[in-house]
Amino acid sequence: MTIYIVTEGEYSDYHIEGTFSTEALAEGYIAAKGEKAGRSWDPGIEEWILDEDAGAEWRTQYRCALCPSDGGLLWEDENDALARPGKRSEDGWANEHAIVGTSYVSAEHAQKLAIEARQKWLRERTLTEEPAR
């Protein structure tokens with residue numbers, strides 16, 4: 001079952017406004033509050049699967065970070081993390097400093113995920129950059 005959480009704020013002001021059983025109810029809440037809240041009201045809706053992490057256990061987590069510009073290895077690490085059984089990876093992330101892949105399978109799998117994340121980052125970056133004049 002998916003639940004919809006209306007959130008608002010950033011960093012230390014980040015908080016939950018309400019939880020809803022449908023996206024339409026969450027959007028209705030935002031619309032109703034938005035009429036009175038004014039310009040400072042900037043909510044978001046997060047989707048969460050209820051009980052998704054039930055049965056989580058400590059597992060070995062492998063991470064690999066690559067340099068965005070040349071794809072060189074920046075660092076690798078291995079640690080324990082709480083994850084549900086059957087989970088193979090976490091969403092990777094990328095910025096101008098590092099591209100990280102995270103796996104519960106192996107260090108090689110983490111590296112493969114990082115390489116794929118870098119390829120995606122390069123494609124999207126290339127598509128959004130303005131051509132040189």
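The values are calculated or read from the model by the stated rules, or taken from the named source; none is laboratory data. Only a predicted model underlies this, so the values are computations on that prediction, with no experimental measurement involved. All Cβ positions, even for glycine, are placed from backbone atoms using ideal geometry, and neighbour counts span all protein chains on display.
Taking the criterion of being exposed (fewer than 11 other Cβ atoms within 10 Å of the Cβ), aliphatic (A, V, I, L, M) and more than 18 Å from the chain's Cα centre (by Cα), would at least one residue in region 101-108 satisfy it?
Within region 101-108, none of the residues are exposed (fewer than 11 other Cβ atoms within 10 Å of the Cβ), aliphatic (A, V, I, L, M) and more than 18 Å from the chain's Cα centre (by Cα).
Per-residue answers, yes or no, for (1) in contact with a His (Cβ under 8 Å, 6 or more places away or on another chain); (2) part of a strand (DSSP E or B); (3) in the same structural domain as I115 (by TED's automatic domain parsing):
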site	(1), (2), (3)
I30	no, no, no
G34	no, no, no
C64	no, yes, yes
P68	yes, no, yes
G71	no, no, yes
L74	no, yes, yes
D80	no, yes, yes
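For region 28-50, what are the residues that are charged (D, E, K, R) and modelled with pLDDT of 95 or more?
Hits for region 28-50 are E46, E47.
If a residue must be among the acidic types (D, E) and either at pLDDT 90 or above or more than 21 Å from the chain's Cα centre (by Cα) (or both), how many such residues does region 51-63 contain?
Number satisfying all stated conditions: 2.
In the list Y29, Y4, which residue meets the criterion of being under 20 Å from the mean Cα position of the chain (by Cα), farther than 24 Å from S103 by Cα and of a type in the set (F, W, Y)? First the steps, then the outcome.
On the way: Y29 fails: under 20 Å from the mean Cα position of the chain (by Cα).
Among Y29, Y4, only Y4 is under 20 Å from the mean Cα position of the chain (by Cα), farther than 24 Å from S103 by Cα and of a type in the set (F, W, Y).
Would you confirm, using the coordinates I've provided, whether V105 is of a type in the set (A, V, I, L, M, F, W, C), in the same structural domain as Q119 (by TED's automatic domain parsing) and either under 26 Å from R125 (Cβ atoms) or in a helix (DSSP H, G or I) (or both)?
In short, no.
Report, by residue number, each residue of region 82-92 that is surrounded by 14 or more Cβ atoms within 10 Å (Cβ to Cβ) and part of a strand (DSSP E or B).
Residues of region 82-92 that are surrounded by 14 or more Cβ atoms within 10 Å (Cβ to Cβ), as a first pass: 83-84, 87, 89-90, 92.
Once the filter is applied, which keeps residues that are surrounded by 14 or more Cβ atoms within 10 Å (Cβ to Cβ) and part of a strand (DSSP E or B), region 82-92 yields A83, S89, E90, G92.
Being in the same structural domain as F20 (by TED's automatic domain parsing), touching a strand residue (DSSP E or B) at 6+ places or on another chain (Cβ under 7 Å) and either without any contact (Cβ under 8 Å) to a residue 24 or more places away in the chain or not in a strand (DSSP E or B) (or both): is that true of D42 here?
Considered against the rule, which asks whether it is in the same structural domain as F20 (by TED's automatic domain parsing), touching a strand residue (DSSP E or B) at 6+ places or on another chain (Cβ under 7 Å) and either without any contact (Cβ under 8 Å) to a residue 24 or more places away in the chain or not in a strand (DSSP E or B) (or both), D42 comes out as yes.
Among the residues of region 1-53, how many are of a type in the set (A, V, I, L, M, F, W, C) and under 27 Å from L82 (Cα atoms)?
Qualifying residue count, region 1-53: 10.
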